[in-house]
Every structure is written in C-alpha cells, then in structure tokens.
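Here the structure comes first, spelled out in structure tokens, and everything after it is commentary.
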Amino acid sequence: MLEVRNLSKHFGGIRAVDDCTFTVERGSITALIGPNGAGKTTAFNCISKTLTPSGGEVWLEGQRIDALRPHQVTRCGLSRTFQITRNLEDLTVLENLVVQSKTSGVKSLFGPAISQAEYDKAMEILEFLGITRLAYEETSNLSYGQKKLMDFGALLMSDPKIILLDEPAGGINPRLLVELVDRIRALNDRGLTVLIVEHNMDLVMSLSHKVVVMAHGQVIAEGTPEAVQADPLVLEAYLGGGATPHAAELNAEAAHA
Ligand SMILES: Nc1ncnc2c1ncn2[C@@H]1O[C@H](COP(=O)(O)OP(=O)(O)OP(=O)(O)O)[C@@H](O)[C@H]1O
C-alpha cells in the first residue's frame, strides 16, 4: 500500500535518512523502530511531506506522493500524528477536531464554523474513542494523554486509508494506553493500515504484524516481531551486541537511550 523507495534526507552533512526502502502492506500494522537518532521521525516527516526528501520516492496505492504538498498527501488518504501534540488550547475538543481537519486541507478554512456533518462526524469519532464527555471541554483543561487521544481523533476526521502514529504511547498513562491500543486494533480490524514509530517495545511487539528497524538512517532489518527480535543486527544496534533478545531488554535499552 505504502512504498518507500530509496528515501534520503540530509541535513548538511548529516544523513538522517539514507537510502531507505521498505513497504507497508495494506491492512497491516507496521512498526518503524530503532535507537534514538536512527532517522524514524525524519522518515515519517518525509513520507507525510512535513519535510521535503533529499532523494527517493514515496508511493501510496500506486500514486507517487513525494512531490505533493502535505494537505494533498492527506487528501490521498495518509494522515499522521506528531510526537508533540498540536492543538489550539482555547478551543473545545470538538472544535479542535473540526479545525484540525480543515487545516489539513480537508475543507476550506473559510466555511461555516461547524457544519452539521462535521459535528456528527466529530461526535462519532469521540464516541469511538470513549471521550464524548470531553466534547465541550476546553483543550487547555485536558491531560497530556487526553490531548493525544484528541489528536488521534482529529487524524480520523479526514477518513484516512493509512495513519502514521509518531510515538503514541509516549507520556500517556497505562490506562489510557490500553484504550489507545484497543482503538488502534479496532481501526485496523476495520481495514485501516497503520505505520507506527514507538519506543515501547512491548507495545510494538504485541501490536505489529511487521517491524522495520532503522539505525544510522538506514533500514537494517525487516520482518515479523519474532524475527526482528532474534536478528543479531538489531541487537547490535540497540545493545551493542551479545545479549539475549527479548522485548523487555530492547525496551529498557530504548528507555535509557
Ligand atoms: N532539522 C534537523 N536538522 C539537523 N539535524 C537533524 C534535524 N532533524 C533531525 N536531525 C538529525 O537527524 C538524525 C535522525 O533524527 P530523527 O529525529 O529522525 O531520529 P529518530 O529515530 O526519530 O530519533 P528519536 O527516537 O530520538 O525520536 C539525528 O542525528 C538528528 O540529530
């Protein structure tokens, strides 16, 4: 569904992403992992066109998207979240969902405040996320985790075919995390394709069908969670080699990196 071909992004002499090639199969949950500074977020930014790649191609369902503008990429069916929540603190949760979908190019910024269709859709998404009670809450009153859930909801307003989640588990409490994971699985069951960058290895290994591992800007391994955990190159990248492979160790290392 998503094909990343020989993608590169250089910042001066730094090859943040260096000739990366990988695919995300339709209907899958694919995780992009790697130690700090591996180039995961830069790759995400290039795929969603938040950054312009230095080279390579990105294809979505047979259409080349790396020359498009970010809102055009969204229109093609690819939406993403960011590590740091991006919302308007003075607006309510409901308003944020609608405004964020407008600014992502789904609708004109100059239309009526909130149409009935937008209201219905936003409420449906909030219900799906289990946060209908927060619809009229000012965003500034939300916890960090609730803001992340709201961002997740905003992402769904554009009816994406594939979503890119940048560290969804980061900074949210375990109870909300369970809910978030449950919602990601439910969306995937409905056919939504998911690409996720995440440091929580237990989450990655339990949620993903496929894992792509980056280090130093390059893809060093790709396969099932089990295969990747047993790959010596992956252990080398995380641990400097020589340790027994399992998620808890990768997780502890990622937390300390
Ligand atoms: N705007 C930038 N200017 C210069 N260097 C950058 C820029 N953005 C990222 N880098 C560098 O590119 C490399 C890859 O960074 P990136 O944030 O993509 O890694 P990451 O795998 O997402 O790391 P983390 O897990 O810590 O978020 C790092 O060396 C980083 O310092």
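Confirm whether Pro70 is more than 21 Å from Thr193 (Cβ to Cβ), of a type outside the set (A, V, I, L, M, F, W, C) and either within 18 Å of the chain's Cα centre (by Cα) or more than 16 Å from the ligand (Cβ to nearest atom) (or both). Taking the combined requirement at face value, the residue does not satisfy it. Within segment 5-27, the only residue that satisfies the criterion of being aromatic (Phe, Trp, Tyr) and either within 12 Å of the ligand (Cβ to nearest atom) or over 19 Å from the mean Cα position of the chain (by Cα) (or both) is Phe11. Selection over segment 6-59 of residues that are out of contact with any His (no Cβ under 6 Å at 6 or more places or on another chain), within 25 Å of Leu207 (Cα to Cα) and of a type outside the set (Val, Ile, Thr) gives a count of 20. Residue check: is Thr30 outside any loop (DSSP other than H, G, I, E, B) and away from the ligand (no atom under 16 Å from the Cβ)? The answer is no for Thr30.
Residue-by-condition table, conditions (1) surrounded by 20 or more Cβ atoms within 10 Å (Cβ to Cβ); (2) over 21 Å from Ala227 (Cβ atoms); (3) touching a strand residue (DSSP E or B) at 6+ places or on another chain (Cβ under 7 Å):
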site: Arg5; (1), (2), (3): no, yes, yes
site: Ile14; (1), (2), (3): no, yes, no
site: Thr42; (1), (2), (3): yes, yes, yes
site: Glu57; (1), (2), (3): no, yes, yes
site: Gly62; (1), (2), (3): no, yes, no
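Pairs meeting the criteria (first residue in segment 14-40 and more than 13 Å from His209 (Cβ to Cβ), second residue away from the ligand (no atom under 14 Å from the Cβ) and acidic (Asp, Glu), beta carbons under 7 Å, at least 6 apart or on different chains) are Phe22/Glu222.
Can you confirm whether segment 87-104 contains a residue that is touching a Ser or Thr at 6+ places or on another chain (Cβ under 6 Å) and at pLDDT 95 or above? Among the residues of segment 87-104, not one is touching a Ser or Thr at 6+ places or on another chain (Cβ under 6 Å) and at pLDDT 95 or above, which makes the answer no. Against the numbered list (1) within 12 Å of the ligand (Cβ to nearest atom); (2) within 17 Å of His216 (Cα to Cα), Leu51 comes up short only at (2). Strands (runs of 3 or more DSSP E) fully within segment 104-223 that include at least 1 residues being free of Cβ contacts under 8 Å to residues at least 40 places away in the same chain and surrounded by 15 or more Cβ atoms within 10 Å (Cβ to Cβ): 218-223.
The values are calculated or read from the model by the stated rules, or taken from the named source; none is laboratory data. For clarity, every value in this text was computed on a predicted model and none was experimentally measured. Virtual Cβ from ideal backbone geometry, glycine too; neighbours counted across all protein chains shown.
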